[in-house]
1. Between LYS112 and ASP187, what FRET efficiency comes out of the Förster formula 1/(1 + (r/R0)^6) with R0 = 45 Å and r the beta carbon distance, rounded to 0.05?
2. Do the alpha carbons of any pairs in LYS14/LYS42; LYS106/LYS240; LYS3/LYS108; LYS16/LYS126 sit beyond 19 Å of each other, and which pairs?
3. Which ³J(HN,Hα) values in Hz, rounded to whole numbers, follow from the phi angles of segment 112-120 under the Karplus curve 6.51 cos²θ - 1.76 cosθ + 1.60, where θ = phi - 60° and Gly and Pro get x?
4. Name the long-range amide H neighbours of ALA17: under 5 Å, sequence gap of 5 or more, or other chain; modelled H, no Pro or chain starts.
5. Grab the Cα-Cα distance for LEU105 and ASP260, subtract it from 0.36 nm times how many residues apart they are, and report the gain in nm with one decimal.
6. In whole Hz, with x marking every Gly and Pro, tabulate ³J(HN,Hα) for segment 63-74 from phi via Karplus 6.51 cos²θ - 1.76 cosθ + 1.60, θ = phi - 60°.
7. With θ taken as phi - 60° and the coefficients 6.51, -1.76 and 1.60, list the Karplus ³J(HN,Hα) couplings across segment 194-204 in order, rounded to whole Hz; mark glycine and proline as x.
8. Would you mind checking which residues have amide H under 5 Å from GLY66's amide H? H placed 1.01 Å from N; only 5 or more apart, or other chain.
Amino acid sequence: MTKAMLVVNPSSGKEKAEGYVDKAEKTLLKRFDEVEVKRTEKGGDATDFASHAAEQNFDAVIAMGGDGTLNEVINGLSIHESRPAFGFIPLGTVNDLARSTGIPLKPKKAIKMLETAVLRPMDVGKIEEHFFMNVLAVGMIAQAVDQVSVEQKTKFGSIAYFVEGLKAFNRHELLQFKLDYDEGNFDGDAALVVAGLTNSVGGMENWAPDAEIDDGLLHVFVLTKLGLFDAAGMLPQLVKGTLKNSDGVEYVQTKHLKIDASGEDLSVNVDGDPGPALPVEIKVFPSHLNLFVPEGGKKKKSFFKAF
Ligand SMILES: Nc1ncnc2c1ncn2[C@@H]1O[C@H](COP(=O)(O)OP(=O)(O)OP(=O)(O)O)[C@@H](O)[C@H]1O
């Protein structure tokens with residue numbers, strides 16, 4: 001007998017989640033013998049539910065929510081030896097994992113996709129004691145993104161990030177960073193360090209076109225200049241998918257990373273939410289989870305059918 005858990009954050013996606021629960025449950029019942037629906041009430045619930053599902057040998061945990069909820073579910077699953085398959089119905093503002101895998105951004109379509117979805121291995125990162133699925137960012141702009149409140153996101157969606165990001169350009173001072181990666185180190189001034197597992201970062205799908213969700217690598221970008229003028233110069237490269245070649249950008253691929261910075265008390269933005277303070281150690285767990293992705297997606301060789 002197969003069992004799936006549907007973890008719903010009713011506050012996510014401008015509080016529209018509830019309207020999709022019935023449809024999602026019915027769709028999952030086409031694939032699984034039993035579906036348990038769990039609604040979160042506060043931060044931490046989604047992690048506890050997912051962890052419980054792993055302990056109870058559920059076959060799959062499907063998250064319905066924004067990146068915060070997805071990150072929590074990944075944390076609940078990743079600590080276990082035996083991990084249920086992971087799926088999600090995106091409801092938030094950014095949804096880089098959906099953008100990177102062809103999972104529809106529209107909830108109705110994402111639910112429909114689950115009927116025929118296949119499993120694909122995905123890497124998970126670990127920063128200190130916390131797992132992540134998309135991206136880490138450190139610098140003044142990342143600090144600014146941390147200032148966006150849940151209320152602002154619910155009301156204004158991605159515009160809230162944009163406004164806070166623009167404000168931060170006024171104080172884009174360079175910081176003294178020290179990075180250690182597999183094949184070297186960086187010791188110098190930078191405005192922003194971004195380390196991603198996915199090709200899409202902050203909703204920008206061409207950020208790191210080389211990145212695959214199962215390549216076992218962190219794609220690290222060190223932006224050594226980042227005034228409004230420099231950012232405008234990088235824009236065409238970002239559109240073309242060649243950001244790594246931009247003037248003022250250092251790019252490395254690595255499995256391990258240490259980040260430190262002197263001066264400011266900086267914390268790391270993890271998958272769009274505030275995370276631990278520097279210094280931090282980061283490690284990739286290759287193909288740690290199996291993710292439901294659209295049938296016939298981009299990279300067929302590592303897809304497999306289950307349930
Ligand atoms: N019932 C609830 N009411 C209010 N907040 C909740 C509830 N359940 C969970 N939360 C909190 O809501 C946070 C934000 O959720 P999430 O990121 O999934 O949605 P979002 O803010 O709409 O998406 P995004 O961050 O992509 O914009 C979670 O990290 C969690 O702490």
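1. Details: r = 50 Å, r/R0 = 1.10.
Computed FRET efficiency for ASP187 and LYS112: 0.35.
2. LYS106/LYS240; LYS3/LYS108; LYS16/LYS126
3. So the Karplus estimates, Gly and Pro as x, are 4, 4, 4, 4, 10, 4, 10, 9, 9 Hz.
4. Answer set, sorted by chain and number: SER12.
5. Gain on extension, LEU105 to ASP260, equals 52.3 nm.
6. 9, 10, x, x, 4, x, 5, 4, 4, 4, 5, 4
7. Here the 3J(HN,Hα) series is 10, 10, x, 9, 10, 6, 9, 10, x, x, 8 Hz.
8. Amide H neighbours of GLY66: GLY13, LEU91, GLY92.
The values are calculated or read from the model by the stated rules, or taken from the named source; none is laboratory data. All values reported here derive from a predicted model rather than from experimental measurement. Don't worry about glycine lacking a Cβ; one is built from the backbone with ideal geometry, like all the others, and counts go over all protein chains shown. Each accessible area value is taken on the protein alone, full model and side chains, heavy atoms only, with ligands, DNA and RNA left out. Shrake-Rupley method; radii C 1.70, N 1.55, O 1.52, S 1.80 Å.
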